[in-house]
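What follows is a single structure, written as structure tokens, with notes after it.
The values are calculated or read from the model by the stated rules, or taken from the named source; none is laboratory data. Since the structure is predicted, the reported quantities are computational estimates derived from the model, not experimental observations. Because the Cβ atoms are built from the backbone with ideal geometry, glycine has one as well, and the counts that use them run over all protein chains shown. Please note that ligands, DNA and RNA were not included when accessible areas were found on the heavy atoms of the full protein model with its side chains. Shrake-Rupley method; radii C 1.70, N 1.55, O 1.52, S 1.80 Å.
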Amino acid sequence: MKVEVQWKKLVKPSVPTPSDQQKWKLTSMDELQMPNYVGVIFYYRDNAENPGVDISQRLHQMEESLSKTLTLFYPMAGRYVEDDGCFIDCNDLGVEFVHAKVDGQIDQLLHGDPDMDLLDHLSQFPTNIVGNPLVVIQVNTFECGGSAIALRLKASTVANWPPPRIIGSKELIMSRFRFSGDAILKLKALARVDAKDSMAKNFQPSRVEVVSALLSRALVNIDRYKHGEGRTFAVYMTFNLREKINLTIPANSCGNFFAMIFGRSGQPVSGKRNLEFNGMVNIIHNMISDAKTKYATVVDREEFCSMVGNSIAEFVETASSSEECTIAFSSWCRFGLHEIDFGWGRPVLVSNISLNLRSIFLVDDEGGRGIDAWTTTSEDEMTLLKQNPDILAFTS
């Protein structure tokens, strides 16, 4: 499919930002990380109840809504400045709003593996965030009347990643593994059956834990098949710190507020290549539980920032090493992404944008009970992952 940009414009807040609010100092957590763009794509079919709505009308409606929203979130219309300790100049220069046409049907994107080059064209953005818009919204309209709305916004991510979609000499590809609500119930039941009798009654693993465990187990077993039984692994996950600490946080605060948490294996038992599913569930469950306890007890801000910074630094060091198998998860479940309705219905699919990192993003499915696992890894690993009996048994 060919994507052709029709126009670009800057959308500014409908009401100018007051002069006393024009310098937004970044937090110490933001300064720990490197500025970059993260993104999500919302896919909409043409509304059957109101087909053929004029595209220009929809775009105008979105532009007006965006302008009013920027009055509330005015830093997003500013520009990132590295001088003087890193801050956002809330100068109302605006966010970038793009319209592109796609010569195809949106159903071609809703089934099968995503084309990462196509995803890049559906969500174009500046290579350098300094001096450029902090938010880029690209509305891609299809011949069928459907649309894919890509949102890229300034966030912070760790530095020192390899070149785009390359790890070593291997190109990365992305696939979606669909876990239905019923499949997840079966995985939860399996985790409880395998738990020790004394624990089984009270053991209630979450959706994210069992899906992460199944995928991690498959990737670890693939890695050990390729590199040998003695190779260790580390599972990392972004951990949302909101409502999990006892430090006072302003009610209207926004921005990065997460740490990296991890669960690491011990040395594998000789002659035992395959890791048990319940063993991986326990690693991930304990990783999350321990993080909740650790961060809930912190009462000193400097200690808190140090802990967050150390967690990110350790992740960078581990991910940059080839000494062990590293698996990175991020969960967007319960973010309400499928509830975003611009007036022509809710999205039928939500995905992350293409990444240059071997990673797994977990997103609620359209019904809210299942999980779509957007998995990015090397082509040979993806082939083996799709052939894994457990993955085949619990995904569609």
- When the charge dipole of the chain is computed with +1 on Lys and Arg Cβ and -1 on Asp and Glu Cβ about the Cα centre, the Cα farthest towards its positive end, among Val139, Gly345, Ala189, belongs to Ala189
- Message: About the Cα centre, and with charges only on the beta carbon of Lys, Arg (+1) and Asp, Glu (-1), how big is the dipole of the chain? Nearest 20 debye, please.
- Response: 860
- Message: Strictly over 28 Å apart at the Cα level, which of Lys68/Lys154; Lys12/Lys244; Lys226/Lys386 would you flag in this model?
- Response: Lys12/Lys244
- Item | Label-point separation, Leu110 to Tyr225 (7 Å along Cα→Cβ), nm | 3.3
- For semi-axes √(5λ) of the Cα gyration tensor in Å the list reads (i) 36, 27, 20; (ii) 41, 23, 19; (iii) 42, 28, 17; the calculated value is entry (i)
- Charge dipole of segment 328-396 about the Cα centre (unit charges at C-beta), most positive-ward option of Leu392, Ser354, Ser331: Ser331
- Kindly write out, for segment 230-244 in residue order, the coupling ³J(HN,Hα) from the Karplus curve 6.51 cos²θ - 1.76 cosθ + 1.60 (θ = phi - 60°), rounded to whole Hz, with x marking Gly and Pro. x, 7, 8, 9, 9, 9, 10, 8, 5, 10, 5, 8, 5, 6, 10
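State, as an integer percentage, the relative contact order of the chain based on alpha-carbon contacts under 8 Å between residues 6 or more apart. Each step should come with its number before you reach the end.
Values: 739 pairs, mean separation 84.6, N = 396.
Relative contact order for the chain comes out at 21 percent.
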- Accessible carbon and sulfur surface of the chain relative to its total accessible area, %, 1.4 Å: 51
- Which whole-number value in Å² is the accessible area per residue of the chain, probe 1.4 Å? 49
- At R0 = 25 Å the Cβ-Cβ FRET efficiency linking Glu323 and Thr127, nearest 0.05, sits at 0.25
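Can you give the calculated 222 nm mean residue ellipticity of the chain, where each DSSP H run of n ≥ 4 adds -39,500 (n - 2.57) and the sum is split over every residue, rounded to the nearest 500 deg cm²/dmol?
Taking each H run of at least 4 residues, the total per residue is -9500 deg cm²/dmol.
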- Under a cut-off of 13 Å between alpha-carbon atoms, report the aspartates and glutamates in cross-link reach of Lys8, not counting same-chain residues fewer than 8 places apart. Glu63, Glu96
- Message: If the only charges are +1 at each Lys and Arg Cβ and -1 at each Asp and Glu Cβ, what is the size of the charge dipole of segment 269-373 around the Cα centre, to the nearest 20 debye?
- Response: 260
- Determine the percent antiparallel among the DSSP beta bridges restricted to segment 212-338, to the nearest 5. 60
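Suppose every K and R has +1 on its Cβ and every D and E has -1 on its Cβ; what is the size of the dipole of segment 202-322 about the Cα centre, in Debye to the nearest 20?
Dipole size: approximately 420 debye.
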